[in-house]
Every structure is written in structure tokens, then in C-alpha cells.
Amino acid sequence: MDTQNPSAPTRAQSRIAGKNHPHRETPAGGLIHDNARHTTRFTVIGNHLAQHPELSALAIGLAVYIQSLPTGARTDIKTLAARFPEGSTRIAAALRELEAHGYLRRERRRTPNGRIVTRTISCNQPGRHQDHPAPPRKKRPQSPRKPLPAVPQPAYPAPTLLQTATDLLADLRRHDDPRLLLSQHDTAHLAPGVAAWLERDVTPTAVRHALTTDLPPGPLCRPAALLAHRLTTQLPPPPPFRAPAPPPPVRHPFQTCEGCDRAFRSPLPGRCRDCRIHDPVPAA
């Protein structure tokens with residue numbers, strides 16, 4: 001029992017792949033690694049980047065360099081061109097390669113002081129989005145819409161007059177300018193202003209011409225406000241006062257004189273004027 005075996009190992013040997021595997025031989029040629037484990041100042045790079053089949057050597061090198069930088073470091077083309085001997089044109093092309101394959105993303109953000117800055121995001125595993133979502137933007141409270149400007153009012157808003165004004169406004173977009181599309185509320189607000197024009201002896205054609213001539217180019221943000229402004233500022237004066245024409249003379253029917261049988265005009269039968277002068281009828 002106390003006999004020792006001099007060929008037995010004193011302790012179990014570790015079996016590290018590539019070093020003391022019993023069935024692996026050292027290759028006669030090709031690459032041989034002489035590695036040491038890093039404990040400080042190292043960056044883990046995936047083989048999908050280091051052995052990428054489509055990226056250029058410059059793009060792979062830039063990706064490795066960018067992934068080794070701390071957060072907040074400058075990675076613009078000017079800074080990288082000052083760091084490496086390659087010119088800005090080649091570096092810009094390599095950065096575009098990395099963007100096309102998902103290793104870089106560029107985003108424009110607004111800082112709290114209002115400046116627009118470009119932020120570069122380095123992805124060590126393309127397709128795996130781990131960036132924090134942007135905080136939701138606060139919705140600005142919508143201010144109430146300004147009311148339409150006041151329009152002139154007719155002295156006698158007859159229903160027929162208001163209907164004529166409404167029809168005129170509804171036809172503006174069909175016959176004059178398609179931008180003059182008015183809602184029902186806008187039409188009801190503008191109709192009294194058009195009626196005030198019509199009440200002043202302005203023809204519908206003249207009203208339409210005043211509302212649609214020399215409109216500003218491009219889309220109209222609020223056509224009803226523009227029409228209300230024109231109805232107010234271009235309102236013509238009232239027509240001049242005209243005395244009423246005298247009534248036409250009354251033409252009485254013909255009567256036959258009872259004295260001389262002549263015809264004369266009179267509201268009632270009897271004798272003509274000559275007979276009454278030359279042969280007056282004595283009073284009874």
C-alpha cells in the first residue's frame with residue numbers, strides 16, 4: 001500500500017483549450033495567439049464587427065475606436081480626422097458604412113437652452129435597441145380660436161335678402177376661387193355683411209368682385225376672416241337720398257256729356273265743362 005507510482009502526476013492538470021489538450025497539436029503554420037487576460041482598460045468587441053464580411057478595414061477600426069471612447073466624447077469627422085492619418089473624406093465614407101450596417105446612429109436633439117445638437121449613438125450589437133425612449137413631449141394647451149371680425153349689419157334683414165347673401169357666399173368656391181371654402185358657421189356670420197352691401201344698391205356681381213379680386217397667393221389660413229375684413233373695410237356708402245317720385249296723374253274714364261253728347265273725362269257721368277259754363281243748372 002505504501003508503494004508510490006513515480007509516473008502518476010502529483011495534481012490534476014487543468015485542461016485549457018488550445019494549450020494542453022491531449023489530442024490537439026500545435027499548427028505548423030498560420031496564426032498563433034499569444035494572449036494575456038486584460039483586467040483594466042479594455043473593450044469587448046464582438047466578432048460580428050471584428051470579422052464583418054462587408055465593412056472596410058477603416059470602418060472596422062473606427063468602430064473599435066468609437067466603442068472604446070467614454071460617453072460624451074466627440075466623434076465628428078473633424079475630430080476623427082485630427083486623430084487618424086486618413087483624411088476627412090475617407091473617414092466620412094467609413095462612418096457612412098457603419099451607419100448603413102447599424103453600428104452608428106445620428107440623432108438631432110434640442111438642448112434645454114434651445115440649441116440643436118447632433119448626438120452619435122454607438123451600437124455594439126446592431127438591431128438591439130437599448131437607448132432610452134425620449135420623454136413624451138408636453139402638449140401645448142390649444143388657445144381658443146379667435147372669433148371672426150364683426151361685419152356690417154343690414155338695416156332691414158329680410159329673409160329673402162339674407163338668403164341671397166348666403167347663396168352668394170356658398171358659390172364663391174365654385175365660381176371664383178376654390179380656396180374660399182366656408183363652413184356653415186362662417187357663412188352664417190358673413191351673410192349679414194353681404195346683405196348690408198346688397199341693401200346699398202350693390203349688385204351681387206360687384207360684391208363678388210370686391211371679395212375675390214387680388215387675393216394673396218398660396219393657401220389661405222382662414223378665408224372667412226379675410227372676407228369679413230373686406231366686407232367691413234370696403235363697405236360702400238349708402239346711396240344718395242332721392243325724393244319719392246310724384247304719383248302719375250289720374251286718368252278718369254270717358255263720359256258722354258248729357259248736354260252736347262261730347263266725350264269728356266270725368267269720374268262720374270254728367271255734363272262737360274263747356275256746358276256747365278254756358279248753361280249752368282240752376283240750383284233747386
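The values are calculated or read from the model by the stated rules, or taken from the named source; none is laboratory data. What you are looking at is a predicted structure, and each value in this text was computed from that prediction instead of being measured. All Cβ positions, even for glycine, are placed from backbone atoms using ideal geometry, and neighbour counts span all protein chains on display.
Brief remarks follow.
- Taking segment 167-186 as the range and being in contact (Cβ under 8 Å) with a residue 24 or more places away in the chain and either under 19 Å from residue 156 (Cβ atoms) or hydroxyl-bearing (Ser, Thr, Tyr) (or both) as the test, the residues that pass are 168, 183.
- Search result, residues across segment 213-231 that are touching a helix residue (DSSP H, G or I) at 6+ places or on another chain (Cβ under 7 Å) and either at positive phi or at pLDDT 90 or above (or both): 224, 227, 228, 230, 231
- Within segment 146-172, being assigned to a helix (DSSP H, G or I) and among the hydrophobic types (A, V, I, L, M, F, W, C) holds for 161, 162, 165, 168, 169, 170, 172.
- Some residue of segment 185-194 being polar (S, T, N, Q) and over 32 Å from the mean Cα position of the chain (by Cα): no
- Selection status of residue 99, at pLDDT 85 or above and either touching a Phe, Trp or Tyr at 6+ places or on another chain (Cβ under 9 Å) or not in a helix (DSSP H, G or I) (or both): no
- Within segment 102-126, tally of residues that are modelled with pLDDT of 85 or more and on the phi > 0 side of the Ramachandran plot: 1
- On the stretch given as segment 21-46, residues that are modelled with pLDDT of 75 or more and basic (Lys, Arg) total 2.
- Filter result for residue 105 (surrounded by 11 or more Cβ atoms within 10 Å (Cβ to Cβ), in a helix (DSSP H, G or I) and not hydrophobic (A, V, I, L, M, F, W, C)): no
- Index of the failed condition, residue 90 passing every other in (1) at pLDDT below 90; (2) more than 19 Å from residue 48 (Cβ to Cβ); (3) not β-branched (Val, Ile, Thr): (1)
- Counted residues, segment 193-212 - those being out of contact with any helix residue (DSSP H, G or I) (no Cβ under 9 Å at 6 or more places or on another chain) and closer than 16 Å to residue 153 by Cβ: 1
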